[in-house]
1. When a/c is below 1.5 the answer is rounded, else prolate if a/b is larger than b/c, else oblate, so apply that to segment 179-264 with a ≥ b ≥ c taken from the square roots of the Cα gyration tensor eigenvalues.
2. Put +1 on the Cβ of each Lys and Arg and -1 on the Cβ of each Asp and Glu in segment 158-293; which of Leu245, Leu292, Tyr226 then has its Cα farthest toward the positive end of the dipole?
3. Determine ³J(HN,Hα), in whole Hz, for all residues of segment 220-228 in sequence, where each value follows from phi through the Karplus function 6.51 cos²θ - 1.76 cosθ + 1.60 and θ = phi - 60°; x replaces Gly and Pro.
4. Quick one, what does Rg over Rh come out to for segment 76-132 if you take C-alpha atoms and the Kirkwood Rh?
5. Any idea how far apart Ser51 and Arg196 come out in nm if each label point goes 7 Å out from Cα toward Cβ?
6. Within segment 149-246, report the trypsin sites (Lys or Arg not before Pro) that DSSP leaves as loop and that have at most 13 other Cβ atoms within 10 Å.
7. Give the peptides 304-313, 352-361 in descending order of average Cβ contacts within 10 Å, highest first.
8. What number do you get for segment 154-297 when its Cα radius of gyration is normalised by 2.2 N^0.38 Å, N = residues?
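What follows draws every value from the coordinates through simple rules; no lab data is involved. Remember, it's a predicted structure, so these values are computed and weren't measured experimentally. For neighbour counting, all protein chains shown are included, and Cβ atoms are generated from backbone atoms with ideal geometry for every residue, glycine included.
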Amino acid sequence: MTDHHTGQRTARPPVPSWLVPLLALACGVGVGNVYFPQAVAPLAAAGLGVSPDAAAGVITATQFGYAAGIFLLVPLGDRLPSRPLLVTLLGLTGLGLCAAAAAPALPPLLAASALTGAATVIAPLAGPLAAGLVSEERRGVVGGTLLSGALAGMLLSRTAAGALGERLGWRAPYVLAALLTLAVALLLARVLPDTRPSSRQRYPRLLAEPLRLLRTEPALRRSCWYQATVFAGFSAAWTGLALLLTGPEYGLGTDAVGLLALVNAVTMVVTPFAGRQVDRRGADRVNLACFLLVAGSAPVLALGGLGGTTGLVSLVAGTLLLDVGMQSGMVANQVRVYAVGPGRHSRLNTAYMTCAYLGGSAGSWLGTRAYAWCGWSGVCGLVVLLTTLGPVRQPARHVTARRSRPASARAAVSARGGTAGGTG
């Protein structure tokens, strides 16, 4: 570790063994706050007396807020001490969740959802923090642990929210999420070590750096576009899926959405394999396979409109293909992004994750509109359309991906792949 005032190398203090699991828990709670509304939006529609497609705007508002938070707040991780920054953001997230739980109508719920999404950017801040606390040879293991926590939060939050909401109403998952978030804030306030900011740049300059990188780095732009289109299709499918399962075709509760999401825990096993394929074959080939998997999931998902056992089996198989394709693409794109250059990972990740979640929020909005206009088949057609946009933008030739990459990129491969968005 280098002292920024003297320029001298100093000994890195030992990191307690429980700190990384605690940060992984914080990542899971933060990411879970983005995804659990997918399972409870239909219940909120009934509780507030609005249409299901109108209530699905809660999902869009949360994801749009998350994209805005990544762009506006994550760069502050290089400028402010980590403990007060993380604790403050967790506190604001808890307040936003409480406001959502108490919302008397849809507009206040949308506003609270946007606030919650913007403040719950813990995962993209925890990664650089953990990397700065441990030695270089441990960064891969530590990064993999944080990524696993984020993926677990994405999966378990939908399952728990669906089951709890079905039994206690749509407000109960928001209350539980608020309690978990505030509890993690108290833990981090007590045990997180003091850190020294790595940059003295003023906020406007920090904010402008991801935009500059997007303008000057073609590999970053390519990865952003690829993941934005795939994540848009992913979000459209999961938004429409909640409407399908709770609609007349199946008449199931929101807990069914959560259980279906839990089935996709298999992606935790598949994405390390995708990482090895990136090493052997390059990021572009894995991206191509990702596009084919996500597009191929659409006709399988479309059979879910048949209802009954055949439809449920098709939905399970289709969402597995969809999740594996999206997460594998995340691995390939993160490797390409991190290879752009060392020392800029936080700002590169800000640009990449902002674009990915803007795509996801657009996909949620489009998925709601497609379901209202054309039903489930319209959502599946939208998945194909959005996925096709990714490779069409690029020339047909394949560019050989860089085979060597820094330790932080290896972290993106180990143990998982990403939450849509890396640890974000």
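1. Values: a/c = 3.80, a/b = 1.42, b/c = 2.68.
It comes out oblate by the Cα gyration axes.
2. Looking along the dipole axis, the top candidate is Tyr226.
3. Coupling constants for segment 220-228: 5, 4, 4, 5, 4, 5, 4, 6, 4 Hz.
4. Working: Rg = 13.3 Å, Rh = 12.1 Å.
Rg/Rh for segment 76-132 comes to 1.10.
5. Output for this residue pair reads 5.9 nm.
6. Working: sites: Arg158, Arg167, Arg171, Arg190, Arg200, Arg202, Arg205, Arg212, Arg215, Arg221, Arg222; in loops: Arg200, Arg202.
Listed in order of number, the matching sites are Arg200, Arg202.
7. By packing density, highest mean first, the sequence is 352-361, 304-313.
8. Taking N as the residue count of segment 154-297, the ratio is 1.41.
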